[in-house]
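Every read-out reported here was derived from the displayed coordinates using simple, explicitly stated rules and does not represent laboratory data. What you see is a predicted model, and the numbers here were worked out from it, not measured in a lab. Methodologically, a virtual Cβ is constructed for each residue, glycine included, from the backbone with ideal geometry; neighbour enumeration extends over all protein chains shown.
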Amino acid sequence: MPIHQTMEIDPRIYAFLVALLAIAILAGLARGLKLGGNPILRDDAAVRKAAGEVEDGFEARTISISRDGKAALASDGSGRVMVIKRHGNQFAGRILSNAASAHEEVDGLIVDCGEAFFGKVRLSLSDSASWTDRINRL
């Protein structure tokens, strides 16, 4: 007589597999709808739009975009300077005060807006010296 053994699988394993499948389906759906992503600042118009979302009425006149498109600096007609950086799949920015500082490094410019929560922003700019002076004179 053959002996048949039946192996029972714990129901928690089934629940785990169903949850894993649901996550995979949602990730595929998000990818298909092109949600999330890694936005970049491609041109001055994108920087102006991001700056206007940070501070209503901020009209950027002078703009420098980091070579990787992940950050930018903008100044308006009244001399205010805004630093903009990518935060998740959006952009965040701060108008710099006299607490801000900037210094040049070999590969770019480091801007510290003076807020620990916002952090330092690294930008790779062709005109980093002029921005360093402008920020340190605030």
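So which lysines can LYS49 reach, going by Cα to Cα under 16 Å and dropping same-chain residues fewer than 8 places off?
Straight-line reach from LYS49, under 16 Å: LYS70, LYS85.
List the trypsin sites (Lys or Arg not before Pro) within segment 1-96 that DSSP assigns to loop and that have no more than 14 neighbouring Cβ atoms inside 10 Å.
Values: sites: ARG12, ARG31, LYS34, ARG42, ARG48, LYS49, ARG61, ARG67, LYS70, ARG80, LYS85, ARG86, ARG94; in loops: LYS34, ARG42, ARG67, LYS70, ARG80.
When the trypsin sites (Lys or Arg not before Pro) of segment 1-96 are filtered for loop state and at most 14 Cβ neighbours within 10 Å, LYS34, ARG42, ARG67 remain.
Given the DSSP H assignment, sum -39500 (n - 2.57) over each helix run of at least 4 residues in the chain and divide by its residue total; what's the result at 222 nm in deg cm²/dmol, nearest 500? Could the numbers behind the result be given before it?
Details: 3 runs with 42 residues, N = 138.
Computed ellipticity for the chain at 222 nm equals -10000 deg cm²/dmol.
Take the eigenvalues of the Cα gyration tensor for segment 8-81, scale each by 5, and report the square roots as semi-axes in whole Å, largest first. Let's see the in-between values first.
Working: eigenvalues 427, 28, 20 Å².
Equivalent ellipsoid of segment 8-81: 46, 12, 10 Å, largest first.
I want to check the label-to-label distance for ALA24 and PHE117. Put each point 7 Å from Cα in the C-beta direction and report it in nm to one decimal.
Spacing of the two 7 Å Cα→Cβ label points: 4.0 nm.
I'd like to know which of GLY32, TRP131, ALA72 lies farthest towards the positive end of the charge dipole of the chain, counting +1 on Cβ of Lys and Arg and -1 on Cβ of Asp and Glu.
Of the listed residues, the answer is GLY32.
What is the spread of the Cα atoms of the chain along each of their three principal axes, largest first, in whole Å?
92, 29, 24
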